[in-house]
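Have a look at the structure below, then the notes.
The values are calculated or read from the model by the stated rules, or taken from the named source; none is laboratory data. Quick caveat, the model's predicted, so the values are computed rather than measured. Here the Cβ positions follow ideal geometry from the backbone for every residue, glycine too, while neighbour counts run over all protein chains shown.
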Amino acid sequence: MDIDLNADLGEGFGPWRMGEDEALLDIVSSANVACGFHAGDPVIMDRTVRMARQRGVDVGAHVGFPDLMGFGRRQMQIETKELVACVLYQLAALDGMARTAGHRMTHMSFHGALGNMAAADAALAEPLVRAVADFDPSLTVSTSASRAIEDAAGRCGLRVRRTFLADRACGDDGLLVPRKLPGAVIHEREAVLARVRQLLEDGTVTSVTGKKIPMRVHSILLHGDTPGAVELARVVRGVVEQAGRVVPISRQAND
């Protein structure tokens, strides 16, 4: 079993750092890099991409709402045409940084509220995913379980890979539970590890209602801004390596 181990990185701004990016880059196989809209800035993007290249870690654009104050976790009512332009802008920014650093952008993912809205709304997912295909049809779309995004990627001819968010609860439909609800974010280390083991051994996840949901995934994501993220990522990597290999999604065989 080949599983990608992923983290959201580059989420500081100016002199303010969020998370321990350098330490996480020694553990993960791919990184979703903030592109300046929900977090990050040109200097942080450049530094993150160069650190990833030095370690052989894949990078992808983590595309969100233009919402630095809310860290991209607030729903925003923006016309679809404008959102498409925002997606293209962020993809182009990280792609340019990666190329200049001698690296390449292999994938993309939608961040926070934008990702949650697209995951639940096929009419929104379609034009946003189409923008990714128009920008670079070789990119892989990395997403949590979402029929809307996965089906849109299929129609656009894009490779799509499903990611399991180890520290985020999901509903019976597999969609992430909104952060404002109790239990949406799982803080207990043992609970996170139990979810990862269940996924790898049983191929299922347990929803907030206690229902077991079959789920085929290619990547496991841990949020780098949570307390103890580095040690948790290290332990999760050990669990994954007991079941198989840590391999970035760009180097995984199609299935």
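Under the condition of being farther than 18 Å from residue 63 by Cβ and either touching a Ser or Thr at 6+ places or on another chain (Cβ under 6 Å) or outside any helix (DSSP H, G or I) (or both), the residues counted in the stretch 22-43 number 4.
Right, residue 190: closer than 22 Å to residue 255 by Cβ and surrounded by fewer than 22 Cβ atoms within 10 Å (Cβ to Cβ) or not? For residue 190, the condition - closer than 22 Å to residue 255 by Cβ and surrounded by fewer than 22 Cβ atoms within 10 Å (Cβ to Cβ) - is not met. Mind counting the residues in the stretch 224-255 that are among the β-branched types (Val, Ile, Thr) and in contact (Cβ under 8 Å) with a residue 60 or more places away in the chain? Looking only at that region, the number is 6. Selection of the stretch 212-223 for residues being of a type outside the set (A, V, I, L, M, F, W, C), over 16 Å from residue 26 (Cα atoms) and in contact (Cβ under 8 Å) with a residue 60 or more places away in the chain yields 218, 219.
Of note, residue 125 satisfies the criterion of being out of contact with any Cys (no Cβ under 7 Å at 6 or more places or on another chain) and either aromatic (Phe, Trp, Tyr) or more than 26 Å from residue 229 (Cβ to Cβ) (or both).
Quick test for you: out of 147, 216, 168, 155, pick the one residue that is touching a Lys or Arg at 6+ places or on another chain (Cβ under 9 Å) and farther than 23 Å from residue 250 by Cβ. From the options 147, 216, 168, 155, the qualifying one is 168. The set of residues in the stretch 204-239 that are small (Gly, Ala, Ser) and either in a helix (DSSP H, G or I) or at pLDDT below 95 (or both) comprises 207, 210, 224, 228, 229, 233, 238. Of all residues being within 14 Å of residue 115 (Cβ to Cβ), of a type in the set (Val, Ile, Thr) and part of a strand (DSSP E or B) in the stretch 130-158, which is nearest to the chain's Cα centre (by Cα)? Just the residue, please. Only one residue fits best here, namely 143. Does residue 175 meet the test of being closer than 27 Å to residue 250 by Cα, surrounded by fewer than 20 Cβ atoms within 10 Å (Cβ to Cβ) and out of contact with any His (no Cβ under 8 Å at 6 or more places or on another chain)? Against the criterion (closer than 27 Å to residue 250 by Cα, surrounded by fewer than 20 Cβ atoms within 10 Å (Cβ to Cβ) and out of contact with any His (no Cβ under 8 Å at 6 or more places or on another chain)), residue 175 qualifies.
Taking residue 110 as the residue in question, decide whether it is crowded, with 20+ Cβ neighbours inside 10 Å, modelled with pLDDT of 95 or more, farther than 30 Å from residue 254 by Cα and hydrophobic (A, V, I, L, M, F, W, C). So residue 110 does not fit the description; no. Note on the stretch 71-104: among residues that are in a helix (DSSP H, G or I) and basic (Lys, Arg), the one that is surrounded by the fewest Cβ atoms within 10 Å (Cβ to Cβ) is 81.
In summary, residue 161 fulfils each of the numbered conditions (1) closer than 21 Å to residue 65 by Cα; (2) within 13 Å of the chain's Cα centre (by Cα) with the single exception of condition (1). For residue 97, indicate whether it is aliphatic (A, V, I, L, M), closer than 19 Å to residue 44 by Cβ and without any contact (Cβ under 8 Å) to a residue 12 or more places away in the chain. Here the answer is no, as residue 97 does not meet what is asked. Tell me, which residue of the stretch 240-250 that is in a helix (DSSP H, G or I) and more than 17 Å from the chain's Cα centre (by Cα) is surrounded by the fewest Cβ atoms within 10 Å (Cβ to Cβ)? Among residues in the stretch 240-250 that are in a helix (DSSP H, G or I) and more than 17 Å from the chain's Cα centre (by Cα), the one surrounded by the fewest Cβ atoms within 10 Å (Cβ to Cβ) is 242. Within the stretch 113-132, being crowded, with 22+ Cβ neighbours inside 10 Å and either modelled with pLDDT under 95 or hydrophobic (A, V, I, L, M, F, W, C) (or both) holds for 114, 118, 119, 125, 128, 129, 132.
Criterion applied to 88, 175 was being within 27 Å of residue 237 (Cα to Cα), out of contact with any strand residue (DSSP E or B) (no Cβ under 9 Å at 6 or more places or on another chain) and aliphatic (A, V, I, L, M), and the one residue passing it is 175.
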